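Report on the following structure.
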Ligand SMILES: Cc1ncc(COP(=O)(O)O)c(C=O)c1O
């Protein structure tokens, strides 16, 4: 095909998506773990280069088909790799429908009722946080929600900094912020991106379960004050990335309040505990924090990406993110135009998939779904504890189980499982040791899926070479 012409029948092309989806699902069932190709082979075999002459719709859809069928999916019975996984069909349908509508969430004029449902959802989530009447915004992920909370905190503590910049603090090098040594890397990364400086971050020691030790936090703040530094904020983690640990929010709130610090809680992974009466206690004290990250694309089963940053006080998103633009905000009041208080300009509705699934499950269903995820972690931990070939690295508090196969290197096991197309699984560091981190966020997996995985780990471990085992013996980092 050459040139460009208006399409004679665009709907017919779009309808081909259904067939492609069917093929992807069938391929996932037939081959849950895709073989990872060598990059050069994939670029050549899948013809990834952009052609000078267009392939036309049929050619492009065939190219897309090749690529999608070669791509690992994250919903099969052998995916235990990251903090998301599984597929909730209703949320997937919403995501596909969203792409067809393709509205942008800056104005009521552009997005219509989608604006209303996003706000309803934010209000509902604020209720779970104990922050009725507070504020919040959807962002493209937990890293961005952490950054949003940190920007709001920076501006609130350093009054005038939104307008005048960090000069109001009298020199950025004097600032300090605090987070546990088990925290997610996005906190330090954001500190570097928003002018606080990566060197301003103090990593506070965690206990044997991976929870920040409040007394160490207090010591660090006192030490910085004595040096003439300016403590700014503390970030607690609810559900750390590897161990799934919950920092003691109440005790940290005492310290944050005593020193006038902004208190952000990173619940990207563990915020979903709020949905379950059985697990909500892990976040006791959240009502005393200032801002809160909560990812829906991790524990809540919706496709990437969907995350919120909530604030206890109303009006903070407008106060810190608003900007006027006569070419955009032309009608309706600001409360109907979320673009006046978001980080992005053009923005897809990342709330729609969560709203749809919440319609299906209700609060009650979400509580049961969350309990199932944690029950699976406890099941795996029990199996590991009862088996002399394994060592449980720490008692799971959330939806990860960290353990080792005795005398075998965790990284080599994970790599071998992937190479042999048995499972996608990752490793992490616990107490200085490389351990297998098994994730139980997919509540549609069965106990039998985990039994099979543990057997596979043993079989793969038994087949590792002496050289691999020598590495395990030295196994630190
Ligand atoms: C504790 C924690 N916070 C933040 C993030 C970042 O979330 P996202 O991947 O949505 O940016 C993660 C990701 O794993 C996480 O584990």
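A short reminder: the numbers here are calculations on the coordinates, not readings from a lab. What you are looking at is a predicted structure, and each value in this text was computed from that prediction instead of being measured. Positions of Cβ are backbone-derived with ideal geometry, glycine not excepted, and every protein chain shown enters the neighbour counts.
Of the peptides 252-261, 353-362, the order by per-residue mean of other Cβ atoms within 10 Å, starting with the highest, comes out as 353-362, 252-261.
For the range 330-477, relative contact order (Cα pairs under 8 Å, six or more residues apart, normalised by length) works out to 21 percent.
Each peptide in 233-243, 371-381 was scored by the mean count of other Cβ atoms within 10 Å over its residues; highest first, the order is 233-243, 371-381. Here the gap between residue 465 and residue 69, fully extended at 0.36 nm per residue and compared with their Cα-Cα distance, gives a gain of 139.3 nm. Across the chain, the relative contact order, built from alpha-carbon pairs under 8 Å that are at least six residues apart, equals 19 percent.
Counting helices only, and only those DSSP H runs with n ≥ 4, report the 222 nm mean residue ellipticity of the chain as the sum of -39,500 (n - 2.57) divided by its residues, in deg cm²/dmol to the nearest 500.
Details: 16 runs with 201 residues, N = 477.
Value at 222 nm, helices only, nearest 500: -13000 deg cm²/dmol.
The P(r) of the range 295-356 has a tail past 18 Å containing 46 percent of all C-alpha pairs. Peptide packing for 297-308, 6-17 was compared via the average number of neighbouring C-beta atoms within 10 Å per residue; ordered from the highest value, the list is 297-308, 6-17.
Between residue 101 and residue 30, what is 0.36 nm times their sequence separation minus the Cα-Cα distance? Round to one decimal in nm. Provide the component values of the computation, followed by the final result.
On the way: separation 71, 0.36 × 71 = 25.56 nm, distance 3.19 nm.
Gain on extension, residue 101 to residue 30, equals 22.4 nm.
Its convex hull of Cα atoms gives the chain a direction-averaged projected area, equal to a quarter of the hull surface, of 25.7 nm².
Which value in Å does the Kirkwood hydrodynamic radius of the range 136-263 take, with 1/r averaged over all unlike C-alpha pairs and then inverted? Working shown, then result.
Values: mean 1/r = 0.0679 Å⁻¹.
Kirkwood hydrodynamic radius for the range 136-263: 14.7 Å.
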